2 protein chains.
Amino acid sequence: MTPKVALTIAGSDSGGGAGIQADLKTFAALGVYGTSAVTAVTAQHTAAVLRVVSLDPDTVLAQVHAVLDDLPPAAVKTGMLANPEIVKGVADLAARGRLPNLVVDPVLVSTSGHSLMDAGGVHAYRELLFPHALVVTPNLDEAALLAGTDVHELVTLEARAQVAEELRRLGPVTVVLKGGHLRDDTSADVVAGPEATLVLDSVRVETRNDHGTGCSLSAAVAAELALGVSPALAIERAKSYVHRAMSGAVRWQLGSGHGPIDHFGWGDGPAPPR
Amino acid sequence: MTPKVALTIAGSDSGGGAGIQADLKTFAALGVYGTSAVTAVTAQHTAAVLRVVSLDPDTVLAQVHAVLDDLPPAAVKTGMLANPEIVKGVADLAARGRLPNLVVDPVLVSTSGHSLMDAGGVHAYRELLFPHALVVTPNLDEAALLAGTDVHELVTLEARAQVAEELRRLGPVTVVLKGGHLRDDTSADVVAGPEATLVLDSVRVETRNDHGTGCSLSAAVAAELALGVSPALAIERAKSYVHRAMSGAVRWQLGSGHGPIDHFGWGDGPAPPR
């Protein structure tokens, strides 16, 4: 009867739609007790990121340790780790087996397009953190950066399957290569797992209210893992959850830009069965 | 169908039971879209506060402005404002009418007992922020500090009603003087409002799982105000919500100290009707 615990290590989004806020909302919606370690505080809303203040790695790790020592999580996700030192600190904990069911959303590029990680950060993700991840969830830009290829090479499903498998050889058990940012009808996610490489397709939700979908997807995978679900099923359920959350908010008018999604099933959009 | 928005200006609690995390959980549980401005990042869990890093006032206000400019809240609550400069910055916005339905939880003393505010901070609360608050929710220690009296003077209901009315003369429309920290049977809250001073009593929930009850109460008041409820009814509903959340978690085993409450009604404790 005590709820399972999940931990997110990520940035704070004042607008509440992405970052630890999206993660905590997702954990709660899926019945998991949420804890968090803040890596950076952002002043942002649905239209712009106005300010980013990174926390020093010691403060980030102090938060992680506070949670691990007292509220042991059943799953952990990482979002924006802000700088290479934080990636290294988190990877060190992962290497010591302290971060169970680790889901890594490798946030390398902000939505506004500027790089959050130098070459050292990309290297730390590839060589230090990925080997200890159960699931990684790059989008196309991130996958291209991590694989050292050009994103324009990733237009075909074959090319994307190949890069997903390449990233899987770095260590993660399952790679979810998200196709959501593509603007054509080949927007399917590629899932490279231990048994097979699959294409997970779903009908695109036509909406501007898609702020925080990447955060919410990886948080939902972590929540499902915390509940004891297998990675393959966790990914399928997480994708379905985010689809429902996007559908629920299509008519919401929150903010002038990309509005948040409907984490709690309040909205009146179509609700496909789980 | 677009949800109402509430904003919390408060500290971050890595353990997820208090601070912006408790506020966001409370907002969500009551059907209100949550946004947040982080004033300080703490590494803490159910047994101790291990580290506190305050953010500079500019970063706090940048977050507040990001929310106000794009996701106008229907209600605002303040929790730990960390230092007098942040109190002043928030009070300045309140004075300019930017913080509607303002609920001020005057966090002056940390749970571990050390003071978060010097005399300048107490003065800023009294003279600058309270005049613009719709509801303030001090506990007994905070009320004593704000009124310049000794907390041991506040043992009788009469003395507490008097100090609540004294704080009301500083400007807030309604003062909720919480009795929750008392360890006897006179644990009732005193509510001094424009029409009357009332005693709001409820059966004490016997539990160590009471982390974040103060945060959650003021957040619930703000959520109800955002939904359009009157201050008197918002306070009554908020008290009932926190009572339910405490009851739901009585058998939870989360953490070695004061565990979190059951924000989402998951628990198996008795659930009194709202």
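Positive contributions from Lys and Arg (+1) and negative ones from Asp and Glu (-1), summed over other residues with Cβ under 11 Å from the Cβ of A:Ala66, come out at -2. Taking Cβ atoms as reference points and 13 Å as the exclusive limit, the residues near A:Thr197 contribute a net charge of -2, counting Lys and Arg as +1 and Asp and Glu as -1.
Work out which helices of chain A, taken as complete DSSP H runs, extend at least 18 Å along their axis over the Cα atoms and score a mean Kyte-Doolittle of 1.0 or more, then list them.
Passing helices, by number: A:213-226.
Net charge in the neighbourhood of B:Pro100 (other residues with Cβ under 15 Å of its Cβ; Lys, Arg +1, Asp, Glu -1) is +2. Summarising the strand pairing of chain A, around 40 percent of its internal DSSP beta bridges are antiparallel. Per residue, the solvent-accessible area of chain B (1.4 Å probe, heavy atoms of protein chains only, all protein chains present) comes to 37 Å².
Look at the stretch B:4-14: the mean tally of other chain Cβ atoms within 10 Å of its residues' Cβ atoms is 3. The share of Cα pairs per 20 Å bin across the protein assembly as shown, counted from zero up to the longest distance, runs 24, 55, 19, 2 percent. Only beta bridges with both residues in the protein assembly as shown are counted; by DSSP, about 40 percent of them are antiparallel. Between A:Ser240 and A:Asp141, the C-beta separation translates, for a Förster distance of 25 Å, into a calculated FRET efficiency of about 0.55.
In the elastic network of chain B, a GNM with C-alpha springs shorter than 10 Å, the most mobile of B:Asp70, B:Asp201, B:Asp56 is B:Asp70. Seen from every direction in turn and averaged, the convex hull around the alpha carbons of chain B projects onto 13.2 nm². Near the amide H of A:Gly16, within less than 5 Å, lie the amide hydrogens of B:Ser36, all on another chain or at least 5 residues away, with H placed in the peptide plane.
Inter-chain neighbour count for B:240-252: the average number of beta-carbon atoms from partner chains within 10 Å of each residue's beta-carbon is 1. A cut-off of 5 Å between modelled amide H atoms, ignoring neighbours fewer than 5 places along the same chain, links B:Lys77 with B:Leu7, B:Thr8, B:Ile9, B:Val103.
The coefficient of translational diffusion for segment B:56-126, derived via Stokes-Einstein from the alpha carbon Kirkwood radius under 37 °C and 0.692 mPa s, stands at 258 µm²/s.
In this structure, the amide hydrogen of B:Leu30, modeled 1.01 Å from its nitrogen in the peptide plane, lies closer than 5 angstrom to no residue at least 5 positions away or on a different chain. A 1.4 Å probe, protein heavy atoms only, puts the accessible area of B:Met1 near 150 Å². Taking 25 Å as the straight-line reach from the Cα of B:Lys25, the lysines in range (excluding those fewer than 8 positions away in the same chain) are A:Lys4, A:Lys25, A:Lys77, A:Lys239, B:Lys4, B:Lys77, B:Lys178, B:Lys239. Accessible area per residue was computed with a 1.4 Å probe on protein heavy atoms; A:Leu227 scores about 80 Å². Peptide A:226-239 has a mean of 0 when you count, residue by residue, the C-beta atoms of other protein chains within 10 Å of its C-beta.
Summing both sides, the accessible surface hidden between A and B at a 1.4 Å probe radius is close to 4000 Å².
The accessible surface of the protein assembly as shown, taken with every protein chain in place and a 1.4 Å probe, is 53 percent carbon and sulfur. For segment B:26-93, the equivalent ellipsoid derived from the Cα gyration tensor has semi-axes of 22, 18, 10 Å, listed largest first.
The values are calculated or read from the model by the stated rules, or taken from the named source; none is laboratory data. Keep in mind that what you see is a predicted model, and the values were worked out from it rather than measured. No Cβ is skipped: glycine too gets one built from the backbone with ideal geometry, and neighbour counts run over all protein chains shown. The area values use the complete protein model at the heavy-atom level, side chains included, leaving out ligands, DNA and RNA. Shrake-Rupley method; radii C 1.70, N 1.55, O 1.52, S 1.80 Å.
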